[in-house]
1. Please report the antiparallel percentage of the DSSP beta bridges confined to the stretch 1-139, to the nearest 5.
2. Too long at a 25 Å Cα-Cα cut-off: which of LYS49/LYS175; LYS11/LYS230; LYS60/LYS278; LYS2/LYS241; LYS52/LYS164; LYS49/LYS230?
3. If I take R0 = 41 Å and measure r between the Cβ atoms of GLU273 and ALA170 in this structure, what FRET efficiency does the formula 1/(1 + (r/R0)^6) give, to the nearest 0.05?
4. At 37 °C and 0.692 mPa s, grab the translational diffusion coefficient of the chain from Stokes-Einstein with a Kirkwood Rh over Cα pairs, rounded to a whole number in µm² per second.
5. How big is the stretch 6-163 in terms of Cα radius of gyration and Dmax, in angstroms?
6. What order do you get for 137-149, 38-50, 103-115, 302-314 when each peptide is scored by the mean count of other beta carbon atoms within 10 Å, highest first?
7. Which of the aspartates and glutamates could a cross-linker bridge to LYS124, judged by Cα under 13 Å and excluding same-chain residues fewer than eight apart?
8. Between LYS234 and LYS52, 0.36 nm times their residue separation minus their Cα-Cα distance comes to what?
Amino acid sequence: MKYITFDNGDKLPMLGLGTWKSAPGEVFQAVLWALEAGYRHIDCAAVYKNEKEVGDALKKAFADGLVKREEVFVTSKLWNNAHERDQVQVGFSQSLADLQLEYLDLYLIHWPIALKSHVMFPEKGEDFLDYTNAPLSETWAGMEALKSDGKVRHIGVSNFNQQKIEEILASCQIKPEMNQIELHPYLPQKKLVDFCFSHQINVTAYSPLGSADRPSARKQADDPVLMEEKVLHKIAAKHGKTVAQVLIAWSLHRDVAVIPKSVNQDRIKQNLESADLKLDGSDMEAISNLKTSHRFIDGTFFTEVPGSPYEQSDLWENA
């Protein structure tokens, strides 16, 4: 297993279990299977609506002696309706209570999008707060307070482009330690990854397998299917591995953490075995030469709401 080592010596296993889209009734067992298999990194978020069940699994794992709390790196994310500085603590406290933990290892701002406190997903312009009413600098100050109070060991962002990260860097006391972004061979985001690394900001890849099981409302008729890419099948056959293992290993070879989701015990084990897959130079070059370019999670569910104060440029790189 490769690790990211933070400035204070904490280590993040670079291959973790994602829990987005893991349904209630399934994620409890998935977390236990993952810990039994050897995972020590669990990625969560308030908006996934399953943190209570993840917390139940962690509590059982600790009580049964399967793992100790300090051996498991747990990440969660601040949802968009808690961006006002005094709401950051509220959003965080709910996740901490649901996960039944005394602290989080990593806490991220989920999106650079702010909603009013009673709104989970926007339907009209009045549901939003713009950057005047909820500036990112104030949200970040709330995140810094969590770390200063010792409630979170590390803080970062998710779905942030270079411009939004620069806004935070311009006024922060504690710089972001992670940016979690959609990342796979159809969306390698080299420019953004290089920018993050140049500022000592680590990167985590979500939807590393192409997010084929994302909600139907997030799909387009012409979406390509990453797992059907012939080049990937050829590389997988060469190594006697699965396409999913190749995709996970591809991120690890870029020094990027990766959080594939599964609630299937065999696939959970197979995904972890990706850490041992050594892709060679020709494999990496073949993957980099893929012609398809596609973003599966495009954020239009925020930017195309009538009256939304946000644009695609608030989310993604202009180039």
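The values are calculated or read from the model by the stated rules, or taken from the named source; none is laboratory data. Given the structure is predicted, the values throughout are model-derived calculations rather than measurements. Cβ placement follows ideal geometry from the backbone for every residue including glycine, while neighbour counts extend to all protein chains displayed. Side chains included, ligands, DNA and RNA excluded: accessible areas come from the protein's heavy atoms. Shrake-Rupley method; radii C 1.70, N 1.55, O 1.52, S 1.80 Å.
1. 35 percent
2. The answer is LYS49/LYS175; LYS11/LYS230; LYS60/LYS278; LYS52/LYS164; LYS49/LYS230.
3. That pair, GLU273 with ALA170, gives E of 0.45.
4. 164 µm²/s
5. Considering the stretch 6-163 through its Cα atoms, Rg and Dmax are 15.8, 49 Å.
6. Ranking, from highest mean packing down: 103-115, 38-50, 137-149, 302-314.
7. The qualifying aspartates and glutamates are GLU304.
8. 61.4 nm
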